[in-house]
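Down below is the structure, laid out as structure tokens.
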Amino acid sequence: METSEALEVIKLLSDAIDPETGEILANNHTFNNPKVIRALFISAKALEHSMKIENKRKLLPENAGKPWTEGEDSR
């Protein structure tokens, strides 16, 4: 499963929607528990942040953050 797919599932569950059927979950369902909803929102934010960092990292040169070789350092 890709991160973007996992994020979509988490967002649906935090909105009390069954990701498989699209049906609204019952009021007494575990995913309607306030603590669970808060945890899902925090998880979604963390995944979004992780995806942003990964997208920025893809734009960097291949050797970004790696130490220079002796030849590069002497130049």
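Please count how many residues of region 19-31 are in a loop (DSSP other than H, G, I, E, B) and either in contact with a Pro (Cβ under 6 Å, 6 or more places away or on another chain) or closer than 16 Å to residue 44 by Cα (or both).
1
Among the residues of region 47-61, which ones are among the hydrophobic types (A, V, I, L, M, F, W, C) and under 15 Å from residue 2 (Cα atoms)? Please lay out each step first, then the result.
Pass one, region 47-61, residues among the hydrophobic types (A, V, I, L, M, F, W, C): 47, 51, 53, 59-60.
Across region 47-61, the qualifying residues are 47, 51.
Within region 65-72, does at least one residue satisfy the condition of being hydroxyl-bearing (Ser, Thr, Tyr) and modelled with pLDDT of 90 or more?
Scanning region 65-72, I find no residue that is hydroxyl-bearing (Ser, Thr, Tyr) and modelled with pLDDT of 90 or more, so the answer is no.
Could you give me the residue pairs with C-beta distances under 8 Å whose first residue belongs to region 19-38 and is open to solvent by 70 Å² or more (accessible area, probe 1.4 Å), whose second residue is among the aliphatic types (A, V, I, L, M) and not in a loop (DSSP other than H, G, I, E, B) wherever it lies, and which are 6+ apart or on separate chains?
Listed pairs, sorted by first residue: 23/17; 24/17; 30/36.
The values are calculated or read from the model by the stated rules, or taken from the named source; none is laboratory data. Note that this is a predicted model, so its numbers are computed, not measured. Note: ideal-geometry Cβ built from the backbone for every residue, glycine included; neighbour counts use all protein chains shown. The accessibility values were calculated without ligands, DNA or RNA, using every heavy atom of the protein model including side chains. Shrake-Rupley method; radii C 1.70, N 1.55, O 1.52, S 1.80 Å.
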